[in-house]
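Report on the following structure.
Derivation of every value follows stated rules applied to the coordinates shown; laboratory data play no part. Note that this is a predicted model, so its numbers are computed, not measured. Cβ atoms come from the backbone with ideal geometry, glycine included; neighbour counts cover every protein chain shown.
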Amino acid sequence: MSIGARFPKQDGVAKADGSGIYADDIALPRMLHAKILRSPHAHARIRGIDLSAAEALPGVVATLVGAELPLKYGVIPWTQDETALAVEKVRHVGDAVACIAAVDERTADEALGLVKVDYEVLPAVFTPEDALEHPEIKVNERAKVGNITKHVHLQFGEVDEAVAGAAAVVRETYRYAGSTHVPIEPHCAVARIDADGNLTVWSSTQIPHYVHRELSRVLGIPQSKVRVIQPLLGGAFGGKSDPFALEFCVAKLAMKTGRPVKILYTREEVFYAHRGRHPMKMDVTLALDAGGRIAAVDNKILIDGGAYASFGLVTAYYAGQLLTGPYRFETYRFDSYRMYTNKPPCGPKRGHGSVQPRFAFEVALDEAAEKLGLDPVEVRRRNFIGEFVETVNGQKITSNGFLKCLELVEKASGWKERHGKLGPGRGLGVAGSMYISGTAYPVYPNEMPQSGVLVKLDRSGRVAIFSGASDIGQGVNTLLCQIAAEELHCDPYDVTVVAADTDLTPVDLGAYSSRVTFMVGIAAREACQKLAEKLRAAGGATFAEACQRAEAAEGAPLAAVGGYRTQKLGGDYRGGTIGASPAYSFTAHVAEVSVDEETGIWKVERIWAAHDCGKALNPTLVEGQIEGSVYMGAAEAQMEEMVYDEKGLLFGPSLLDYRIPTSLDTPDLDSYIVESNDPGGPYGAKEAGEGPLHPAIPAIANAIHDACGIRIRELPFYPQRVLKLLRERDARREERAAS
Amino acid sequence: MMTLPDLTVLRPASVAEAVEALRANPGARVLAGGTDIVPNLKYGMYDTQHLVALRGLSSELRYVREDRSGDLRLGAMCSIDELGRSEVVKSRLPALADACRQIAGPQLRRMGTLGGNLCLDTRCVYVNQSHFWRSALGYCLKKDGTVCHVVAGGKRCVAAASNDTAPVLLALDAGVKIVSPRGERTMPLRDFYVADGLHNTVLAPDELLTEVRIPAAAATRRQAFAKLRMRAAIDFPALNLAVALELDGNLVRSVSLAVSALAARPALIKGLEDLRGRPADARFAEELGRRAHKQCKPLTNIGVDPGWRRDILPVLVRRAVLRAIAG
């Protein structure tokens, strides 16, 4: 039927032909445009803000400063540490200071130039090392100790003993650079206040529910008077999963002026809003026993968090908790510090928290296997954790198609015939990974369902699905049509999806942690099945007729609800629930690279990626997610990095200077879907949006090693870094030849 | 989004009207394809109040033609895209066609013009940024400030020439025609650029580059263009270079090598006369690489490691020379 079909994306045509309505397409009568004044200093106390000249400029309608919105917000209830506009001090270059609403953007821009801010510049810290060393320079007062957002130390088994008794031990430092999401649509929000004082905010967010909660709290108006609507979204990747300054500013300015207000961030402001990949320094010890089995993994992780917590508490856990599959660890320890620094805040980017340690681990595993003379594919096969098992840190793995993934990419890439034999300058590398399909526990503790869906049938045979979930391009709205068609036997084109509107749709917690398809899918199936039963009982020659007969029998319009109820999962220790997921996805990649040894310039020629998504509800969408993930991972390996100068100023906050690969820089991609049919997932499905990114980076690093014998342990793999390592290799070879 | 300053756009219908408009409106800037000036205007890099738009000059300045002497004349309003596709350019000046095809991306190549590329403002990572960003940096010599962030204590702006057509046309001994209300003048392209990042050409405020003339002999020269960039499209050069060789059998009769994306002036590598008469072989290619390495000192004005760029320059030169020899 409809599940498993290559059903075209429900919003595909509207996105392609320009008819789709994004936040910036919304224009309301008498609408004002607002702009945010930003700090040129990385750390400074605000002694005063003089808005008089700006307010006197013709066309300026209202201004806003931090003192008017002093309540601190944040998605994670324990680390709420930011305000819409700086209240007493600024914490990074680009931090928001004041906001001006005017009749048009140019007037608002001009007015920003007239604001005088009296700053007392404070000493600042720009690296996590400096942040640890200088607790007296307090970046964010929320930190209880020094500049530590979160410290996690967890140990499972006798790690040191296992290392001491191991046959091969790798001890290396790996560095992962910070990168950002680069959604093509910059953040945008529009607010309107109606005659009854109800506030509506349209926002390019992937978490309407949390924005709803935080707007209400910070603005001091009841949640029942706030409505958040997410229009069509032009990419998110985790970069729209916090509440942002613009949402509070448009709301407050609409309340102050009684007029609709819009803010559209410039690309530069998107870079300052950031919430991208955390830079991490990882000191990894990995030990194999004589049989090539993983005896111990020990990881000391220093995380550069930027000026605010965002999801940093979770990052500090995910950095360790998500590493314990698809391989079996005998013992495991990790110790992670997420530090505040005077830079734009990091947060969740596709593969939140676990892409960095996965890189370090998968390269270290290759290094250890090399010591034992083991083939990289073989060492991974040998350590497979299995199905329906518990990891060393107490996560319950259900279905697990990792071996199948590994086998597929091994065969497709011609690994056995080609690895180690492609000659100088060309090589193959392999890596595997695991990721969550949502987290078992909601971000704020509550007993309500994480996801809800309402399905209504019309006499015409039209089906309306009301879903709180955010379609951020992953295609959940399309899946809802398919689920309705599957269960109700209706035409998938006769389904209307009303999504992500807090007045109209049941709550869904948001598009993060790869939870949406899994949880919304279960909720939608439940609601549709309730209706299907009534339709079956009613009978009828056509779907519309069945709807009419069922409605007559019911004596009321037909509707049903479904929910995803949180399961109790996770290890029995503090933090044991973080990273606990109802199902885990698995991925394996083989990458092929070529390296120009004279210049260090290298290229990913091809990546074979196999992903166990449980069940492909729509194979085209799954392949799209695999390809997009691999692209994004390869991009981080190749060129993406947030680079700052010695005063915390981000170099080149534009798409010219912060390079993302073009289609010409993208390797050939071969996607393979593996279906392990998870017993807990909707129709057996697990996640596909984030997991497939992980192995790309280590597979490329391992391929570079196969091509030319160097180990690159720092991202991005800039050609100058590769060339330096090649020259060191040559010097070593010469030394060896001489002795 | 970023807003444009309030500007008056003048739309002359002829070269004569255009240069008159430039004369009559001091500080006016020329708008050809707009691919560079529009973002720069949004960045607040120019205080100009007038733009002189050249679209109306298309019929006058958009041509590829051979004159009676056999020289090739290219109108300044030719788009980069059409030069990259032109059969005449591809067959006679393959290095120029190659350079054009490596500029930016397809949409920008269709907008950008030859004249615009040759007159492209110099670029630097410290100045091609928003006004906010430059204010946080503390500004620089090129705009609003007094310090150079590339050369400590530097008093002269070293923003980099980043045009891809310039090295090719330099190596091929091209000349340019310049028109002003006072009349017209022609000069070799090698005299057109000066070593000043604030304004790296000899153009007076009321002058317009209208034509490029490439000598007939250029078509007989072995030539190659090379561009180092960090991604395969939509990227300014981290280094670019062009080589042109006259061969006499297997022997070098003359050689010129231009390297750019270094500082304000595209560099013609000097002192190559002694290489005349040498066999055009791998050793010759190596030697050219060595000389370029000696004379070229990449800077941090381009956000790509200058040490590495200098390191690999000889390799890029050698490969380009070998490509040129191979034809």
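Results, tabulated for the structure shown:
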quantity	calculated
Loop-resident sites, the range B:134-170, for trypsin sites (Lys or Arg not before Pro), counting at most 13 other Cβ within 10 Å (DSSP)	B:K155, B:R156
Mean shadow area of the range B:45-91, taken as a quarter of the surface of its Cα convex hull (nm²)	5.0 nm²
Those lysines that a straight Cα-Cα span of less than 27 Å connects to A:K262, excepting residues fewer than 8 apart in one chain	A:K15, A:K35, A:K72, A:K89, A:K116, A:K225, A:K240, A:K252, A:K343, A:K349, B:K42
Within the range B:1-94: Cβ-based charge dipole about Cα centre, in debye rounded to nearest 20 (Lys, Arg +1; Asp, Glu -1)	140 debye
The range A:377-434: trypsin sites (Lys or Arg not before Pro) in DSSP coil with no more than 16 other Cβ atoms inside 10 Å	A:K421
Cα-based Rg and Dmax for chain B, where Dmax is the largest Cα-Cα distance (Å)	19.5, 60
Span from the the range B:101-170 Cα centroid across to the the range B:236-286 one, whole angstrom	25 Å
Dipole magnitude of the range A:444-564, debye to nearest 20 (Cβ charges: Lys/Arg +1, Asp/Glu -1, about Cα centre)	180 debye
Cα Rg, Dmax (largest Cα-Cα span) when computed across the range A:36-104, Å	13.3, 43
Exposed GluC sites (Glu not before Pro) absent: longest stretch of chain A, with sites in DSSP loops and at most 10 other Cβ within 10 Å deemed exposed	A:137-446
Gap separating the Cα centres of the range A:443-468 and the range A:1-79, nearest whole Å	28 Å
Of A:K421/A:K603; A:K371/A:K686; B:K142/B:K297, those spanning more than 26 Å from alpha-carbon to alpha-carbon	A:K371/A:K686
Relative contact order (%) - chain A, alpha-carbon pairs under 8 angstrom, separation at least six	15 percent
Listed residues B:G145, B:G289, B:G112, most fluctuating in chain B (Gaussian network, C-alpha, under 10 Å)	B:G145
Kyte-Doolittle at least -1.0, axis length at least 27 Å by Cα - qualifying DSSP helices, chain A	A:516-538, A:619-638
Once exposed loop chymotrypsin sites (Phe, Trp or Tyr not before Pro) are cut out (DSSP; at most 15 other Cβ, 10 Å), longest piece of chain A	A:1-387
Dipole axis of chain A (+1 Lys, Arg; -1 Asp, Glu on Cβ), positive-most option in A:G351, A:F384, A:H212	A:H212
Amide H contacts of A:K343 (H built 1.01 Å from N, under 5 Å, at least 5 apart or other chain)	A:G306, A:A307
For the range B:185-327: rounded, prolate or oblate by the Cα gyration tensor [a/c cutoff 1.5]	oblate
Dipole of the range A:444-564 [Lys/Arg +1, Asp/Glu -1 at C-beta], most positive-end residue of A:A524, A:S451, A:V507	A:A524
Inverse of mean 1/r across different Cα pairs in the range A:444-564, Kirkwood, Å	14.3 Å
Charge dipole magnitude, Cβ of K and R +1, D and E -1 - chain A, Cα centre, debye nearest 20	800 debye
Candidates B:S256, B:S58, B:S91, ranked by Gaussian network fluctuation over chain B, Cα under 10 Å, top entry	B:S91
Antiparallel bridge percentage (DSSP; both residues within chain B; nearest 5)	85 percent
Dimensions in Å of the range A:41-81 - Rg and Dmax from alpha carbons	14.8, 43
Beta bridges per DSSP with both ends in the range A:444-564, % antiparallel, nearest 5	70 percent
Value at 222 nm in deg cm²/dmol, rounded to 500, when DSSP H runs of n ≥ 4 in the protein assembly as shown each add -39,500 (n - 2.57)	-8500 deg cm²/dmol
Between the range A:240-276 and the range A:382-402, the alpha-carbon center distance in angstrom	43 Å
Equivalent ellipsoid, the protein assembly as shown (semi-axes from 5 times Cα gyration tensor eigenvalues, Å)	50, 38, 29
Kirkwood Rh in Å, taken over all unlike Cα pairs in the range A:250-353	16.3 Å
Spin-label pair A:A552/B:D248, simplified geometry with 7 Å Cα→Cβ offset, distance in nm	10.4 nm
Shape call, the range B:38-145: gyration tensor on alpha carbons, a/c limit 1.5	prolate
Antiparallel %, DSSP beta bridges [both residues in chain A], to 5	75 percent
Positive-pole candidate from A:S467, A:L288, B:P5, dipole of the protein assembly as shown, charges at beta carbon	B:P5
